[in-house]
Amino acid sequence: RFMSSTTAIAAQLRPSSAFRASTRRGCARGVAPTSRRVRTIARAEQRTTVEPISLDDNVPFYQVRAMVRPWRLSGVIDALNKYGIRGLTTYAVHGAGVQIGTVERYAGSTFDESNANLVEKVVVEVVVVREQCQEVVDVIVDAAQTGEIGDGKIFLSPVHDIVRIRTGEVGAAAERMAGGRSDMKAKV
């Protein structure tokens with residue numbers, strides 16, 4: 001049967017139905033993709049909710065500390081902003097993990113040329129109410145995940161209270177930001 005060259009190329013780039021089904025369920029062990037386009041499609045389909053995180057009901061707030069690749073930072077910030085997270089802190093760090101000694105390359109640049117044992121990462125810190133914690137972790141995972149070693153880690157730390165220096169407000173009133181997630185939910 002005759003196929004145009006565009007149709008033939010598109011058919012080669014389309015992941016198999018078994019791979020699509022396994023990645024929809026969150027399984028990272030589907031059929032190995034063969035091209036960059038297939039890997040991109042697979043990553044987009046693979047992004048589902050992470051397993052439920054363990055939170056203490058007695059802790060009102062949590063600090064979410066995510067260590068991500070430097071070139072994924074803008075995507076993480078944009079995703080958090082769309083979700084309604086307005087207050088965050090970022091800073092550059094160097095560390096070692098599974099990726100130790102591996103030179104990372106992105107867009108023609110190499111990272112970690114100066115020290116073969118440490119890899120450059122960026123930390124994003126956000127403090128949220130306990131009820132928003134799972135969604136914030138999911139947003140960060142979706143924005144930062146590439147599916148390769150070195151994507152980073154997310155740490156959750158309990159925060160027992162918050163004080164806004166300018167007004168002296170404490171608790172949820174101090175955590176709330178104008179135009180943030182609470183305001184977005186109130187509009188709906």
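Please find, within segment 62-111, the residue that is modelled with the highest pLDDT out of those that are open to solvent by less than 60 Å² (accessible area, probe 1.4 Å), more than 20 Å from Gly147 (Cα to Cα) and part of a loop (DSSP other than H, G, I, E, B).
Taking the candidates together, the pick is Leu88.
Please go through segment 142-181 and pick out each residue that is at pLDDT 95 or above and of a type in the set (Ser, Thr, Tyr).
Ser157
Name the pairs whose Cβ atoms lie under 6 Å apart, with the first residue in segment 118-129 and touching a residue at least 12 places away in the same chain (Cβ under 8 Å), the second in a strand (DSSP E or B) and hydroxyl-bearing (Ser, Thr, Tyr), and 6 or more positions between them or separate chains?
Val122/Thr90; Val123/Tyr91; Val124/Thr90; Glu125/Thr89
The values are calculated or read from the model by the stated rules, or taken from the named source; none is laboratory data. If you're wondering where the values come from, they're calculated on a predicted model, not measured in any experiment. In this analysis, Cβ positions are derived from the backbone assuming ideal geometry, glycine residues included, and neighbour counts consider all displayed protein chains. Quick note on the areas: whole protein, heavy atoms, side chains included, nothing else; ligands and nucleic acids left out. Shrake-Rupley method; radii C 1.70, N 1.55, O 1.52, S 1.80 Å.
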